[in-house]
1. Would you be able to say whether some residue in the range 35-44 is small (Gly, Ala, Ser) and farther than 26 Å from Ser201 by Cα?
2. State all residues of the range 69-90 that are in contact (Cβ under 8 Å) with a residue 60 or more places away in the chain and surrounded by fewer than 19 Cβ atoms within 10 Å (Cβ to Cβ); if no residue qualifies, say none.
3. Counting just the residues of the range 201-218 that are out of contact with any helix residue (DSSP H, G or I) (no Cβ under 6 Å at 6 or more places or on another chain) and either free of Cβ contacts under 8 Å to residues at least 12 places away in the same chain or among the hydrophobic types (A, V, I, L, M, F, W, C) (or both), which one comes out surrounded by the fewest Cβ atoms within 10 Å (Cβ to Cβ)?
4. Please verify whether Pro105 is closer than 18 Å to Asp177 by Cβ and of a type outside the set (Lys, Arg), treating the condition exactly as stated.
5. Could you list all residues from the range 102-156 that are more than 27 Å from Leu62 (Cα to Cα) and not in a helix (DSSP H, G or I)?
6. Within the range 146-167, is there a residue that is loosely packed, with under 15 Cβ neighbours inside 10 Å and either at pLDDT 95 or above or under 20 Å from Met204 (Cα atoms) (or both)?
7. Specify the residue that is nearest to Lys91 (Cα to Cα); the eligible residues are those in the range 20-45 that are free of Cβ contacts under 8 Å to residues at least 40 places away in the same chain and not small (Gly, Ala, Ser).
Amino acid sequence: MQPLLRTENLVKRYARKKLAGQREELLALDGVSFSICRGTTLAVVGESGSGKSTLAFCLACLERPTSGSIWLEDKDIVKLAEKQLRLVRPKIQLIFQDPANSLNPRWSVLEILSEPMILQNRANQNEIRQRTHTLLEKVGLSSEMGEKSPGELSGGQRQRLAIARALALEPELLILDEALSALDCSVQAQIANLLMELQSSLGMAYVFITHDLAMAAHLADEIAVMNHGRIVEQGPVERVLRQPQHETTLQLLAATPRLPRTTLPALEQ
């Protein structure tokens, strides 16, 4: 099966000033390579500062990598001009940890869902209104919520709204950057089940970025473990959990209480 998305030797460097006014270089991504097929989920797992969010921004065309390639089917999107990227961005949608930061608090739910379709000239007004109600239904929100503002919704409802907004442009790849970590456990489970149902019905690929190895194990087909901007281990969920090869993976496993202890290997002393 041809991958939907493939990265090759992705590098991202940032220049920043030190207190003394000198410039130093921060290597956020250091030769990241992986591929993902339609209808599958790759979980990218690592501690804060490992490069996960930088990877998300590069995949979503919000940051340009310093070097390397990001292939969306047969196009290397790194080489595309801004005008061409506007045609690609609807196919790759990014959902953040806190949807409140990406949802306009002054707009109603229906206005938030309508905006992407209006900007892309996807449909007329009647079609957009009908589609917004369909999107609400898909993510388990009632049409009565259409006139509410994000501030009137619970955290779980706001995340459902963020998912619905991402679906408005019928993406092929959904990137979830710590999208469940701000929710309590029961709501996390509900949203995780929703994501699996949507993937089954729509055939999207997911890149699920998280520090939570238990949730990664629940959602993903493959796990990629990141440390200091590199993928240090990657493989099917079962293999990574039962036969981890890298110290970073062992440490993440040891710090994940929700995984059955019988699946965890002993940490090397």
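The values are calculated or read from the model by the stated rules, or taken from the named source; none is laboratory data. Quantities reported herein were computed from a predicted structural model and do not represent experimental measurements. Backbone-built Cβ (ideal geometry, glycine too); neighbour counts: all protein chains shown.
1. For the range 35-44, residues small (Gly, Ala, Ser) and farther than 26 Å from Ser201 by Cα: absent.
2. Of everything in the range 69-90, those that are in contact (Cβ under 8 Å) with a residue 60 or more places away in the chain and surrounded by fewer than 19 Cβ atoms within 10 Å (Cβ to Cβ) turn out to be Ser69, Trp71, Glu73, Pro90.
3. It comes out as Ser201.
4. So Pro105 fails the test.
5. Residues satisfying the conditions are Asn124, Gly140, Leu141, Ser142, Lys148, Leu153, Ser154.
6. No.
7. Leu26
Conditions tested, residue by residue: (1) modelled with pLDDT of 95 or more; (2) surrounded by fewer than 18 Cβ atoms within 10 Å (Cβ to Cβ); (3) at negative phi.
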residue: Arg16; (1), (2), (3): no, yes, yes
residue: Leu19; (1), (2), (3): no, yes, yes
residue: Arg23; (1), (2), (3): no, yes, yes
residue: Ala28; (1), (2), (3): yes, no, yes
residue: Ser33; (1), (2), (3): yes, yes, yes
residue: Ile36; (1), (2), (3): yes, no, yes
residue: Gly39; (1), (2), (3): yes, yes, no
residue: Val44; (1), (2), (3): yes, no, yes
